[in-house]
Each structure stands twice: as structure tokens, then as C-alpha cells.
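**Q** Sharing a structure, written as C-alpha cells. Questions coming.
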């Protein structure tokens, strides 16, 4: 499908209009950012790898009855997607303590949660995507009570599907960020991406980091980690 004018360009993706007002083209970039954009760089072939990885996850979730914005791959670094209005809430699911959970609450890194933790963050780069709760969401009218109920259920359902799938691939799903959007009829879809940019993946045996933390923490072998995730998903 032919690209039309640019709709939006973010840190990791570019969205283009198409001739169909209900569909967009999402192009994944090689640019990498961390710490609310304070750290910037490039991960070679990140766009290609994240496109392929996200497509695998979206197709898996669709098979399990979870609606996503993904329609099909149309190029190595581009996918055709449903046009949705992104709800400005980042939904984070945590299965194992890492990152800000360790810094904020002192959880020992690597501690497995008794139950998954669900968190909401206000999607606003200027504010640093601050942590928020349901009262903030309703007070700001970011989502209705019914929409948030759907989003929460979808987040936990996605977690269950991905945990089981990745366990077979020898990967621990430590935590991950989700974004959701509404179509013009008000239906809720999983949007954005699911990739090493938005998830923490650890090798189940060695606990080797296989995600963007390698970029955040200057651990090296960043591209190798992304390629390893794709190789395991394709195996």
C-alpha cells in the first residue's frame, strides 16, 4: 500500500497515512533512546528486527483472540496497521523485579512477583512519563472506567500468553510496556509494538539481558541481543 503524508514521528517509529483512512503504515527506526530521550544512539538494523519481532507477537496475540492494530508486514521495517487514536497511558506489567521497581521500592532485582504488578504511566515526554493511578486517569479523562477495565484485562491476558510462549523459547518475560488505542468506533486495540525496546527479556538459564537495557547500561552486544530474540522466536 502506498504511503501518503506523514502523520506522526516519534522516537522509534514513523506513521504515514494511506489511501484508506482506516489504515496507516508504521515504519520502525534504528534510532535508540533511553532515560526520556536523554541518551540517544543507533542500534544497527533495530528497525528491521523490531518489526519482525513485533509482527510475531501481534500474530500470536491475534490467534489468542486479543485484538491488535497489526494487519500485515509490507516491508522489512514497515507494517500496515489499523488507524487508532493512542490513549496516552503506558501500561506496564511486571513479573520480575527490575528497573524502576528496584529503584523506587527497593525490591531485590530478580525477585519473582507472587502476582503480576500492573502500573500506569502518563504518556508525556515533557513530564518524563510519570507514574499515575486510576484516579488520575479518570480525573484527566484519559479513559473511561469501561475502557480501563478492558485495558487491564487485555494487559493481564497478554501477559499470560507471552509468559507461556516465551517460556518455551527459554526467555523470561521480566516486564513490558503496552500502549492501546481506539478506532473510530471506540473499539480498543493493542497498538505500538512488542519488542526488546519495550520489554525486558532475560535468558531463562543464564539471566543474560536480551533487550534495550544493553543500550541503557552500555553493556555492549546490543544488536546480538535483538537478533537472538528474533532467532528464538523464529525457531
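**Q** What is the residue count in the stretch 24-39 for residues that are under 19 Å from residue 52 (Cα atoms) and in a strand (DSSP E or B)?
**A** First, the residues of the stretch 24-39 that are under 19 Å from residue 52 (Cα atoms): 24-32.
Then keep just the ones that are in a strand (DSSP E or B); that gives 24-28, 31-32.
Count: 7.
**Q** Further, regarding this structure: Can you go through 89, 96 and tell me which one is surrounded by 17 or more Cβ atoms within 10 Å (Cβ to Cβ), at pLDDT 95 or above and in contact with a helix residue (DSSP H, G or I) (Cβ under 7 Å, 6 or more places away or on another chain)?
**A** It is 89.
**Q** Can you tell me which residue in the stretch 192-209 is nearest to residue 23 (Cα to Cα), limited to those that are in contact (Cβ under 8 Å) with a residue 24 or more places away in the chain and surrounded by fewer than 23 Cβ atoms within 10 Å (Cβ to Cβ)? Walk me through how you get there before you give the answer.
**A** Of all residues in the stretch 192-209, those in contact (Cβ under 8 Å) with a residue 24 or more places away in the chain come to 192-197, 199-205, 207.
Filter once more, keeping what is surrounded by fewer than 23 Cβ atoms within 10 Å (Cβ to Cβ): 200, 202-205, 207.
Details: 200: 30, 202: 34, 203: 36, 204: 38, 205: 41, 207: 39 Å.
The residue in question is 200.
**Q** Please go through the stretch 70-101 and give me each residue that is assigned by TED's automatic domain parsing to the domain that holds residue 60, within 19 Å of residue 158 (Cα to Cα) and free of Cβ contacts under 8 Å to residues at least 40 places away in the same chain, ordered by number.
**A** Matches in the stretch 70-101: 70 only.
**Q** Given the conditions (1) in a loop (DSSP other than H, G, I, E, B); (2) farther than 27 Å from residue 232 by Cβ; (3) more than 17 Å from the chain's Cα centre (by Cα), report the number of the one that residue 65 does not fulfil.
**A** (2) is the only condition that residue 65 fails.
**Q** Also, I was wondering about something else. Can you tell me which residues in the stretch 114-126 are out of contact with any helix residue (DSSP H, G or I) (no Cβ under 9 Å at 6 or more places or on another chain), outside any loop (DSSP other than H, G, I, E, B) and surrounded by 15 or more Cβ atoms within 10 Å (Cβ to Cβ)? First the steps, then the outcome.
**A** Filtering the stretch 114-126 for residues out of contact with any helix residue (DSSP H, G or I) (no Cβ under 9 Å at 6 or more places or on another chain) gives 114-115, 121, 123-126.
Subsequent filtering for residues that are outside any loop (DSSP other than H, G, I, E, B) retains 114-115, 121, 125-126.
Scanning the stretch 114-126 gives a single hit, 121.
**Q** Taking only the stretch 218-235 into account, find how many residues are surrounded by fewer than 20 Cβ atoms within 10 Å (Cβ to Cβ) and touching a strand residue (DSSP E or B) at 6+ places or on another chain (Cβ under 8 Å).
**A** 2
**Q** If you don't mind, there's one more thing I want to ask. Looking at (1) in a helix (DSSP H, G or I); (2) loosely packed, with under 12 Cβ neighbours inside 10 Å, can you tell me which one residue 47 breaks?
**A** Among (1) in a helix (DSSP H, G or I); (2) loosely packed, with under 12 Cβ neighbours inside 10 Å, residue 47 violates only (2).
**Q** May I pose another question? Applying the selection to the stretch 127-146, what residues are assigned to a helix (DSSP H, G or I) and more than 17 Å from residue 86 (Cα to Cα)?
**A** Passing the criteria: 127, 134, 135, 136, 139.
**Q** Here is a further query. So for the stretch 102-110 (the condition being without any contact (Cβ under 8 Å) to a residue 40 or more places away in the chain, more than 16 Å from the chain's Cα centre (by Cα) and not assigned by TED's automatic domain parsing to the domain that holds residue 202), does at least one residue qualify?
**A** Taking every residue of the stretch 102-110 in turn, none turns out to be without any contact (Cβ under 8 Å) to a residue 40 or more places away in the chain, more than 16 Å from the chain's Cα centre (by Cα) and not assigned by TED's automatic domain parsing to the domain that holds residue 202.
**Q** From the list 52, 19, which residue is surrounded by 14 or more Cβ atoms within 10 Å (Cβ to Cβ) and touching a residue at least 12 places away in the same chain (Cβ under 8 Å)? Walk me through how you get there before you give the answer.
**A** On the way: 19 fails: surrounded by 14 or more Cβ atoms within 10 Å (Cβ to Cβ).
Selected residue: 52, the only one of 52, 19 that is surrounded by 14 or more Cβ atoms within 10 Å (Cβ to Cβ) and touching a residue at least 12 places away in the same chain (Cβ under 8 Å).
The values are calculated or read from the model by the stated rules, or taken from the named source; none is laboratory data. Because the structure is predicted, anything quoted here is derived from the model rather than measured. Positions of Cβ are backbone-derived with ideal geometry, glycine not excepted, and every protein chain shown enters the neighbour counts.
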